[in-house]
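Here is the structure we will look at, set down as structure tokens.
Each value in this text was obtained by applying a stated rule to the coordinates, not by laboratory testing. In this text the structure is predicted, and so the values were computed from the model without any measurement. Cβ coordinates were reconstructed from backbone atoms using ideal geometry, including for glycine residues, and neighbour counts include every protein chain displayed.
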Amino acid sequence: MKIGIIAGSQRPDSQSLKVAKCLETRVPALESGVELYTLDLGTGTVPLWDPSFFSADPSPSKEAWAPVSKELASLDGIVVVTPEWHGMVPPALKNFLLLCTSELAHKPGMIVSVSAAMGGSYPMVELRTTGYKNNRICWTPDHVIIRNVGGVMNGGDPAPEEQDIVKRCDYSLKLLLEYAKALRGVRESGAVDLQTYPFGM
Ligand SMILES: Cc1cc2nc3c(=O)[nH]c(=O)nc-3n(C[C@H](O)[C@H](O)[C@H](O)COP(=O)(O)O)c2cc1C
């Protein structure tokens, strides 16, 4: 079992990355032997989509995407940590979702939305509404919204509110791991046909 954690902020050392790193530490306690892959969209390693992705010719952007694509294809599920930026997910995360074609198809995705204040609902809704059509990520029902993110997951003794949010993360992660096992059956069933139907309706 291999789970990917995407830190969806394009700022280096973001709060989203802090949360992603905290989630990394939670997974081994929930199930042993789970391999982890963390991708920080704040490092600038993921190229911006350009028309070469619609062509058969090689290009520098395709070359930069290839190793990330390979890692994603090896995953059984992902956690996407997104900040709320002007009520939206950041452009780097939309770009990432645009670059994903079959790598994450019919794999479960858990949404973790973070806000410096009391926001966090809009990016979750955005991902559920427009973040899956062609990449075929299956968003799991139990997302997590972390409000006032600056005050939690900073190390040290957690306050009761932080303990509650960490318990909620553990619960959603546990479900993600079960969806990851269950959706393998879907991918192996022979019912998936991305050649004939590369684009959702
Ligand atoms: C361009 C920009 C727009 C933002 N817009 C919102 C917003 O609409 N709602 C909100 O709750 N926080 C907003 N924030 C604050 C983020 O919630 C905050 O930066 C938090 O640390 C998570 O983002 P990060 O992962 O990039 O650090 C915004 C931050 C930036 C940089």
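Could you tell me the distance between the Cα centroids of region 26-54 and region 135-167, to the nearest Å?
19 Å
Could you run the Debye sum over the Cα atoms of region 59-108, one equal point scatterer each and no solvent, and tell me log10 of I(q)/I(0) at q = 0.16, 0.17, 0.18, 0.22 Å⁻¹, two decimals?
-0.53, -0.59, -0.66, -0.90
How high is the relative contact order of region 82-201, in percent, counting Cα pairs under 8 Å that sit 6 or more residues apart?
Relative contact order comes out at 29 percent.
If you restrict to DSSP beta bridges whose two residues both lie in region 26-178, what percentage is antiparallel, to the nearest 5? Write out the running numbers ahead of the final one.
On the way: 1 of 12 bridges.
Here the share of antiparallel DSSP bridges comes out near 10 percent.
How large is Rg/Rh for the chain, to two decimals, with Cα atoms and a Kirkwood Rh? Mind showing how you got there, number by number?
Values: Rg = 16.6 Å, Rh = 17.3 Å.
With Rh from the inverse mean 1/r over Cα pairs, Rg/Rh is 0.96.
Defining a contact as two alpha carbons under 8 Å apart and six or more residues distant in sequence, what relative contact order in percent does the chain show?
Relative contact order, the chain: 22 percent.
Cα convex hull of region 82-171: mean projected area in nm², to one decimal?
6.2 nm²
Place the peptides 109-116, 88-95 in order of packing, highest mean first, counting for every residue the other Cβ atoms within 10 Å and averaging per peptide.
By packing density, highest mean first, the sequence is 109-116, 88-95.
Could you give each residue of region 195-201 its phi-based ³J(HN,Hα) in whole Hz, using Karplus coefficients 6.51, -1.76, 1.60 with θ = phi - 60°, and x for Gly or Pro?
With the stated coefficients, region 195-201 comes to 6, 6, 10, x, 10, x, 8 Hz.
Among 99-105, 17-23, 79-85, 126-132, what's the highest-first ranking by average C-beta atoms within 10 angstrom per residue?
Taking the mean over residues of other Cβ atoms within 10 Å, the ranking is 79-85, 17-23, 99-105, 126-132.
Based on other C-beta atoms within 10 Å, arrange His106, His143, His86 from fewest to most.
Taking fewest neighbouring Cβ atoms as first place, the list is His86, His106, His143.
With a sphere of radius 12 Å drawn around the Cβ of Arg184, what net charge do the other residues whose Cβ falls strictly inside it have (Lys, Arg +1; Asp, Glu -1)?
On the way: positive: Lys2, Lys107, Lys181, Arg187; negative: Asp76, Glu178, Glu188.
Its environment carries a net charge of +1.
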